[in-house]
Ligand code: TMP
């Protein structure tokens, strides 16, 4: 399937404001005209949303890091097939709240030295990278408080604790250096509108 649209992803630790910023960018780009598909991982297609529930609910020890990699990758494959690639093929902009970088960091770095497995599976069954990735960077203590305050019932990863979130932050910062061509590190400890304006500008759009 030929790709024509632009694929933009948001990454960062839990509670860093990614979802809000993804939504704001979608609104800005829609106002400028053109189709925008706002989606998320894990999830973004009916099958992947079912897999999401297995991953984000329940106690932290429910799955090993290896099992998580398989489940996240299965969800991603379905999301790609059913949502992302068809939208890119018809020329839409796809904005995804998380994608493969989350697996690289959460499972590949922060929960064991499994990056080799993550990369091998990615190469075999995913094989697509975003055109542009915003990594929202902020202090884990502040973001963790925000994430848990939501009481979403989806706190399995937040419950790994503050040390885990600090390792994730380091992992995302390292990732921004590893893929400087497509990754932009964004200071997320600023007013929402200011962050949104910076992101819109980097996308070549103007925030309202
Ligand atoms: P969300 O809260 O951003 O929707 O994501 C659900 C949780 O899943 C979040 O704590 C991050 C985690 N996650 C991974 O561990 N690996 C992944 O590949 C993805 C996409 C998410």
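Laboratory data are not the source of any read-out in this text; all were calculated from the coordinates shown. This is a predicted model, so every value here is computed, not measured. No Cβ is skipped: glycine too gets one built from the backbone with ideal geometry, and neighbour counts run over all protein chains shown.
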> In what order do 16, 45 fall by count of nearby beta-carbon atoms within 10 Å, going from fewest to most?
Replying inline: 45, 16
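Evaluated at 20 °C with a viscosity of 1.002 mPa s, what Stokes-Einstein diffusion coefficient in µm²/s does the stretch 122-192 have when Rh comes from the Kirkwood expression over alpha-carbon pairs? Can you show the working numbers first?
Working: Rh = 13.9 Å.
In µm²/s, the coefficient is 155.
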> Rounded to the nearest 500, what is the chain's calculated 222 nm mean residue ellipticity when only DSSP H runs of at least 4 contribute -39500 (n - 2.57) each, over all residues?
Replying inline: -13000 deg cm²/dmol
> Across the stretch 1-121, how large is the tail of the calculated P(r) beyond 25 Å, expressed as a percent of all Cα pairs?
Replying inline: 24 percent
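Return 84, 37 ranked ascending by Cβ neighbour count within 10 Å, so the fewest neighbours appear first. Could the numbers behind the result be given before it?
Values: 84 25, 37 19.
With the fewest neighbours first, 84, 37 line up as 37, 84.
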>> Once each part is reduced to its C-alpha centroid, what is the distance from the stretch 173-208 to the stretch 62-100 in angstrom?
In response: 22 Å
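Using the number of other C-beta atoms within 10 angstrom as an exposure proxy, rank 122, 128 with the fewest first. Don't skip to the answer; put the middle values down first.
Numbers: 122 19, 128 14.
Listed from fewest to most nearby Cβ atoms, that is 128, 122.
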> Can you pull the three principal axis extents for the Cα set of the stretch 75-121, in Å, largest first?
Replying inline: 38, 18, 13
>> Counting pairwise Cα distances across the chain, what percent come out greater than 21 angstrom?
In response: 51 percent
>> Which of 190, 53, 156 ends up with the largest GNM mean-square fluctuation for the chain, with Cα atoms connected below 10 Å?
In response: 190
> If the label point is 7 Å along Cα→Cβ of residue 57, which residues in the stretch 130-174 have backbone nitrogen under 16 Å from it?
Replying inline: 151-157
> Normalised by the residues of the chain, what does the relative contact order come to in percent, with Cα pairs under 8 Å and at least six apart?
Replying inline: 32 percent
